[in-house]
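Participant: Below you will find the structure I want to go over with you.
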Amino acid sequence: MKIEMTTITKSALLMLLVGCISCASPNNTAVDNEPSLYQQIGEKPAIDKIIDNLVNIIGQDEVVFAHFAQSNVTNFKEKLSVYLCHITDGPCQYNGDTMQDIHRGMYIDTNQFNHFVELFISAMDEANISYPIQNQLLARLAPLRESIFKM
Ligand code: HEM
């Protein structure tokens, strides 16, 4: 009887653990067959459109342009595209430097970060991304704040 209880307890624990792993994974879209955020955005063409818009907007912006003045635009576009694909559960693996390492030494302040987010929203608007999808993407960018901010 003691052995049976132990076996049952172990099975129950295993089921709980497996269950919890599935539940705790916020990006586990394969389980419930819902389209990923990447698919809902419109995949690579939509992401690249957002980035094109963003780069054009930054080019005319007085608050953050100075940061990008010496940047390699082609490299920035490519890396950001893979990064956004990755964090929206697309078929990409971002293996670049961490957000912390990339933005270290830029001393980005709150005002600049918030302004960048506003420009990003304008870029999504221009790419005709719906507000609910915009909000989902912004929610995935929000935690980056601490890594990018004032490094
Ligand atoms: C959620 C916000 C942000 C994300 C997701 C993000 C993401 C990225 C990525 C993926 C790169 C490319 C890195 C590489 O070349 O490997 C990059 C580069 C860069 N980011 Fe950000 N960034 C964000 C916010 C900002 C802000 C607020 C600024 C400045 C105000 C900024 C300035 C730059 C600059 C100057 C580069 C270097 C471009 C180059 O020289 O190649 N970023 N960022």
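The values are calculated or read from the model by the stated rules, or taken from the named source; none is laboratory data. All values reported here derive from a predicted model rather than from experimental measurement. With ideal geometry, Cβ positions are generated from the backbone for all residues, glycine too; neighbour counts draw on all protein chains shown. Please note that ligands, DNA and RNA were not included when accessible areas were found on the heavy atoms of the full protein model with its side chains. Shrake-Rupley method; radii C 1.70, N 1.55, O 1.52, S 1.80 Å.
Participant: Tell me, what is the 1.4 Å probe accessible area of ARG104, in Å² to the nearest 10?
Facilitator: About 120 Å², ignoring ligands and nucleic acids.
Participant: Would you list SER147, SER36 from the most to the least accessible area, probe 1.4 Å?
Facilitator: Greatest to least solvent exposure: SER147, SER36.
Participant: Which whole number of Å³ per residue matches the convex hull of the alpha-carbon atoms in the stretch 33-151?
Facilitator: Details: hull volume 12.1 nm³, N = 119.
It comes to 101 Å³ per residue, whole-number rounded.
Participant: Let me ask something else about it. Just to confirm a number: summing +1 for Lys and Arg and -1 for Asp and Glu over residues other than HIS86 whose beta-carbon lies under 14 angstrom from that of HIS86, what do you get?
Facilitator: -1
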